[in-house]
1. Would you kindly calculate the mean projected area, averaged across all directions, of the convex hull enclosing the Cα atoms of the stretch 155-226, in square nanometres?
2. At what distance in angstrom do the alpha carbon centres of the stretch 236-269 and the stretch 51-66 lie from each other?
3. Rank-order 333-340, 371-378 by packing density, defined as the average count of other C-beta atoms within 10 Å over each peptide's residues, highest first.
4. Quickly rank 64-71, 432-439 as a protection proxy: mean count of other C-beta atoms within 10 Å, highest first.
5. Could the peptides 295-302, 53-60, 268-275 be put in order, highest first, of the mean number of other beta-carbon atoms found within 10 Å of their residues?
6. Which ordering of ASP457, ASP230 is given by a fewest-first count of other beta-carbon atoms within 10 Å?
7. Would you mind calculating the gained length between ASN293 and ASP53 on full extension (0.36 nm times residue separation, minus the Cα-Cα distance), in nm to one decimal?
8. If I take R0 = 25 Å and measure r between the Cβ atoms of LYS75 and THR198 in this structure, what FRET efficiency does the formula 1/(1 + (r/R0)^6) give, to the nearest 0.05?
Amino acid sequence: VKNTTIPNLDDSMNNTEEDEVDVVDLASSSLLNKLIRQSLVESSHRVEVLQKDPSSPLYSVKTFEELRLKEELLKGIYAMGFNRPSKIQEMALPMMLAHPPQNLIAQSQSGTGKTAAFVLAMLSRVDTSEPFPQLNVLDEVAHLSESVSSVKCLCLAPTYELALQTGRVVEQMGKFCVDVQVMYAIRGNPIPRSVDITQQIIIGTPGTVLDWYFKRKLIDLSKIRVFVLDEADVMIATQGFSDQSIRIQRALSSECQMLLFSATFEDSVWQFAGRIIPDPNVIKLRKEELTLNNIRQYYVLCESRKDKYQALCNIYGGITIGQAIIFCQTRRNAKWLTVEMMQDGHQVSLLSGELTVDQRASIIQRFRDGKEKVLITTNVCARGIDVKQVTIVVNFDLPVNQLEEPEYETYLHRIGRTGRFGKKGLAFNMIEVDKLPLLMKIQDHFNSSIKQLNPEDMDEIE
Ligand code: ADP
């Protein structure tokens, strides 16, 4: 009989966590991206625009002044250090600020300025102590009859933390818009039954917003004038959120401007976007593709984990290394390797799934600042985090799925680079003999050569 009440007795139970393969959770990697973001992500592609009415003129702006924003808002934008609109902002802002307001679906990778764009749009709408400069007479009358505080914006975000991040941008950008306030409709933010929500911008998760609308009657969705659905791709990956978002959207008035943003655009996101945003303009900015072309890839055949470690040390001692990232498949392997390397006097840090997103962000920040030369990690860091000074990536374990098949995408994300940052990189795969067929599959899949390396002979590399 197994004793399940006393932990530690049953080793296998105790180890399940450790053997866990860290899966990339969309919401936390999106948050992580935001926390470590230092600047705008550029793309060499052109912005693609699909207008709802192709015959109407297409405006783009090269400066924020052209948008004729309120002075406080312009001041806030400049105080954030923005000099000119980002690539998608050039096209998106005139559409979002047009009169009458237009609906928009926008897709571009994270870091390209989507949040800043819709925050700007919300702030320009709520802060109506003066009429909009571009209003025609009829619009003007309609708008003036709305008091400043009655213009409400609703922004849906997939998680509490992401909602708070967006709120921070509102606070920063709206720093000089004194009357504008944000309310968070997120779990754990209870407000008394009788209090009227006077804040003009509501940011929340779909479940709580519905609750506040249907059950608690705190928000009047028919009064919302700008509706933003942020991170649509993350949203639809969360159980129940698409349906809840659609229920919220159905309660909005036909006068409400509807905006949807997504970092990726699989078919599922398109379908969802099409259901939730009527008559949209569409803006897309393709992302820089990852390539293995400027990466030299090697593999070392090993007998065991110890053997892999030895090979790693040889490589490490044999070539001049800037910074390296080492990927392990399980938390247990990552931990083991960290301890081994530390005992051998290396400065390493460990990034794995049991850490909070804040902790992960601070580890990545330290690594970026060069405080450690080696970062050991599980799959939590495979995507999105580009540390340009990294010259070496090591797959201590190959990325495989539960069926023991190679995960090609993960391999690409671990070692690939965008062609534009053309710096050469090196990738090493530590391969146990029985894993060799997997590596060959990867090689075939990408049609790129992975050379065998004798770890005692580093001359082959440099
Ligand atoms: P996304 O929502 O697409 O992930 P963000 O709006 O968060 O992108 O912008 C990414 C980063 O770039 C943020 O640090 C933001 O402050 C900054 N940023 C956004 N727009 C501009 C701009 N026009 N000029 C300079 N920096 C900008």
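A short reminder: the numbers here are calculations on the coordinates, not readings from a lab. Since this is a predicted model, take the numbers as computed values, not measurements. All Cβ positions, even for glycine, are placed from backbone atoms using ideal geometry, and neighbour counts span all protein chains on display.
1. Average of the hull's projected areas for the stretch 155-226 equals 4.8 nm².
2. 24 Å
3. For the peptides 333-340, 371-378, the packing ranking is 371-378, 333-340.
4. Top of the packing list down: 64-71, 432-439.
5. Values: 295-302: 20.1, 53-60: 10.1, 268-275: 16.5.
The densest-packed peptide leads the list: 295-302, 268-275, 53-60.
6. Going from sparsest to densest Cβ surroundings: ASP457, ASP230.
7. On the way: separation 240, 0.36 × 240 = 86.40 nm, distance 4.11 nm.
That pair, ASN293 and ASP53, stretches by 82.3 nm at full extension.
8. On the way: r = 24 Å, r/R0 = 0.96.
Plugging the Cβ-Cβ distance into 1/(1 + (r/R0)^6) gives 0.55.
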